[in-house]
Amino acid sequence: MSKVTENLTFAVPLSFEAHSIAQQCCKHQPSPQKAKQVYLNTLAVYAVDFYLRCQGFDTNWCQSDSRNPVMLKFIDVADLNIKYLGKLECRPVLPDAEVCHIPPDVWENRIGYVAVRLNQSLKEATLLGFTEKPAKEIHLSQLQSLEKFTEFLCQKRQSEPVNLRQWFSGIIEAGWQAIEQLLSIEKVELAYMFRDAVNITLGQQIDLGMELGEQSLALVVMLPPEPDSEVDIRVQVHPMKGQTFLPPGVKLMVMDESGETVLDTESREADNFIQLHFSAELEERFTVAVALGETSVKQDFVI
Amino acid sequence: MVAPPGDDFDRQLQKLAIEAQQHPPQSSQRLQTLNKLINEIWQSKQLGHPQSGLWLPNVYEDLYNEARQRTMLEICQNIDKYKPQYPVMAWVNSLLRYQFIAVVNDYNNNRIISLPSLDDLERFASQEDPLDDALLVRRFLQDDPENLLQAESIRGRPDVTFKILAWARFVEDYSWDELSKNLGISPQTLCSFFNRNLRNLMPYLNRYLQ
């Protein structure tokens, strides 16, 4: 059997935790058929919730309609709220089924629909794929792959602006860390050449995929210690630990809210790092992009 | 899939683990690599079965699944703690041993629940005596004690209210498709109206149906 051509799937074992939540939710349903539907829906949401938690997403199942006993009586719902991203619908697919059914109850307010295959013993759930557009039924072969699903979610997550103003009060989004963890000591000193001892400086690893081979880059953002009505911002791109120079041709750009490039620079042969320096007013939004060849990574910020 | 011979398999797992570590946290590449790594780990013939002689097989399966699941979460969250000088399966099996003990502690005897299969499910669900609940909903819809269920209707159709739709769906058991045909309104419009009202009426429903 060739694994290369198969789509990626993810199997979640269903045991005491999954079934006890399902048993809780199916209580007080007005008919055995409805109770069965709620039970299967709950297992499907459980599997997707587990998958997303494995992948570092912040889910909020308890606040979702699929955990609201009154809501469950009236609509066929299997939703899962993901913090900052929106609602996913998680539809159970029976062992022999070839299509995923999506009832009209849940055609609104969803960022996507995930199909979850349950096995006959209900001891395993397998995430099969997803679709962004609902339809009464979708053939399983028409689903987008789980690879696409992770890309879709990561893109959504990245499109949330990083709130720099919160950095002043010490609230830092996941993925940003002290630059000592990202860069070699010499690089840290280079980065700090431009700052006062008390600046706020954080970095994030960025992935330009195949373009860079083994090498990784870090995006570093520096803020003054206190917010002012105008905030002085430096953004830098460094090679990560173990590397001295940036590859030539790495572009760093700052775009304004309309997407217009307002500043840009590019690494030459043997550059240790590149930097842009600008100021932004409070509440202003901007985007930083790092690009090499055909690949680019963008991050939105708000100050 | 035929499990590859030991050394190759170890190397393949190690390659995936290191690759996952190298991708930035929260990148789709790391997510996909972790997914592949987990899939390979469960195929492994070297996966341990802690305490397997101590439990009845049916209880063991569920305890093991719960422990396996917690181990998956731990692998994904702590992939950066994996040290490449050790085989991946040695790391996984030590996590699994600890998680198994934790599961046994959490679910010792009295909290072990029975897990119905798909075939048992309807019978299992009907033990709950749904008749009382059905009656409660039916009475509530009929009485509408605070007279709020007919406050709104679909634009241009004063005959189509939340009360009418809820009654048709839950007492008379019509599907949205059937209602759509009968009323000449699309299922989307009906559901959209119904869901919006359901949300607005939630405090009222909670007072009488919980």
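The values are calculated or read from the model by the stated rules, or taken from the named source; none is laboratory data. All of these numbers come straight from a predicted model, not from anything done at the bench. Don't worry about glycine lacking a Cβ; one is built from the backbone with ideal geometry, like all the others, and counts go over all protein chains shown.
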A careful count of residues in segment A:169-189 that are within 24 Å of the chain's Cα centre (by Cα), crowded, with 16+ Cβ neighbours inside 10 Å and in a helix (DSSP H, G or I) gives 1
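Of all the strands (runs of 3 or more DSSP E) wholly in segment A:52-140, which have at least 3 residues that are of a type in the set (D, E, K, R)? Talk me through it step by step, then tell me what you get.
Values: elements: A:79-82, A:86-93, A:99-101, A:112-118, A:124-131, A:137-139.
Where strands (runs of 3 or more DSSP E) fall fully within segment A:52-140 and carry at least 3 residues being of a type in the set (D, E, K, R), they are A:86-93.
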Filtering strands (runs of 3 or more DSSP E) wholly in segment A:220-283 for at least 2 residues that are of a type in the set (V, I, T), under 13 Å from A:I303 (Cβ atoms) and in contact (Cβ under 8 Å) with a residue 60 or more places away in the chain gives A:230-239
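In segment A:234-253, what residues are of a type in the set (A, V, I, L, M, F, W, C) and buried (at least 21 other Cβ atoms within 10 Å of the Cβ)? Working first, answer last.
First, pick out the residues of segment A:234-253 that are of a type in the set (A, V, I, L, M, F, W, C): A:235, A:237, A:240, A:245-246, A:250, A:252-253.
Once the filter is applied, which keeps residues that are of a type in the set (A, V, I, L, M, F, W, C) and buried (at least 21 other Cβ atoms within 10 Å of the Cβ), segment A:234-253 yields A:V235, A:V237, A:L246, A:V250, A:L252.
One line per residue, one yes/no per condition, for (1) of a type in the set (D, E, K, R); (2) modelled with pLDDT of 90 or more; (3) buried (at least 23 other Cβ atoms within 10 Å of the Cβ):
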| position | (1), (2), (3) |
| --- | --- |
| A:T5 | no, no, no |
| A:A11 | no, yes, no |
| A:Q23 | no, yes, no |
| A:L43 | no, yes, yes |
| A:N68 | no, yes, no |
| A:A97 | no, yes, no |
For segment B:149-164, the count of residues that are assigned to a loop (DSSP other than H, G, I, E, B), more than 34 Å from the chain's Cα centre (by Cα) and not acidic (D, E) equals 4
Conditions (1) more than 9 Å from every other protein chain (Cβ to nearest Cβ); (2) at pLDDT 90 or above -> B:D129 fails only (2)
Looking across segment B:76-98 at residues that are more than 12 Å from chain A (Cβ to nearest Cβ) and among the polar types (S, T, N, Q), the single one that is surrounded by the fewest Cβ atoms within 10 Å (Cβ to Cβ) is B:Q85
Apart from one, (1) modelled with pLDDT of 90 or more; (2) crowded, with 23+ Cβ neighbours inside 10 Å all hold for A:D76; the odd one out is (2)
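Assess whether A:T150 counts as being of a type in the set (S, T, Y), within 11 Å of chain B (Cβ to nearest Cβ) and either touching a helix residue (DSSP H, G or I) at 6+ places or on another chain (Cβ under 6 Å) or part of a loop (DSSP other than H, G, I, E, B) (or both). Walk me through how you get there before you give the answer.
Details: of a type in the set (S, T, Y): yes; within 11 Å of chain B (Cβ to nearest Cβ): yes; either touching a helix residue (DSSP H, G or I) at 6+ places or on another chain (Cβ under 6 Å) or part of a loop (DSSP other than H, G, I, E, B) (or both): yes.
Spelling it out, A:T150 is indeed of a type in the set (S, T, Y), within 11 Å of chain B (Cβ to nearest Cβ) and either touching a helix residue (DSSP H, G or I) at 6+ places or on another chain (Cβ under 6 Å) or part of a loop (DSSP other than H, G, I, E, B) (or both).
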Of the residues in segment A:25-35, those that are modelled with pLDDT under 90 and either more than 7 Å from every other protein chain (Cβ to nearest Cβ) or more than 17 Å from A:C90 (Cα to Cα) (or both) come to A:K27, A:H28, A:Q29, A:P30, A:S31, A:P32, A:Q33, A:K34
In segment B:182-210, anything closer than 20 Å to A:P134 by Cβ and in a helix (DSSP H, G or I) is listed as B:P187, B:Q188, B:T189, B:L190, B:C191, B:S192, B:F193, B:F194, B:N195, B:R196, B:L198, B:R199
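I'd like to verify a number: residues in segment A:7-38 that are outside any loop (DSSP other than H, G, I, E, B) and in contact with a strand residue (DSSP E or B) (Cβ under 9 Å, 6 or more places away or on another chain), how many? Spell out how you get there, then give the answer.
Initial filter on segment A:7-38 (outside any loop (DSSP other than H, G, I, E, B)): A:10-13, A:16-25, A:32-38.
Now narrow it down to the ones that are in contact with a strand residue (DSSP E or B) (Cβ under 9 Å, 6 or more places away or on another chain): A:10-13, A:18, A:37.
The number of residues fulfilling the criteria is 6.
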Here the residues within segment A:114-168 that are under 18 Å from the mean Cα position of the chain (by Cα) and of a type in the set (F, W, Y) are A:F130, A:F149, A:F152
Considering segment A:151-168, residues that are of a type in the set (S, T, N, Q) and touching a residue at least 12 places away in the same chain (Cβ under 8 Å), and then whichever is surrounded by the most Cβ atoms within 10 Å (Cβ to Cβ), we arrive at A:Q158
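Quick one: which of B:L73, B:L31 is closer than 21 Å to A:L146 by Cβ, surrounded by fewer than 20 Cβ atoms within 10 Å (Cβ to Cβ), within 11 Å of chain A (Cβ to nearest Cβ) and among the hydrophobic types (A, V, I, L, M, F, W, C)? Reasoning before the result, please.
On the way: B:L31 fails: surrounded by fewer than 20 Cβ atoms within 10 Å (Cβ to Cβ).
Checking each option against the conditions leaves just B:L73.
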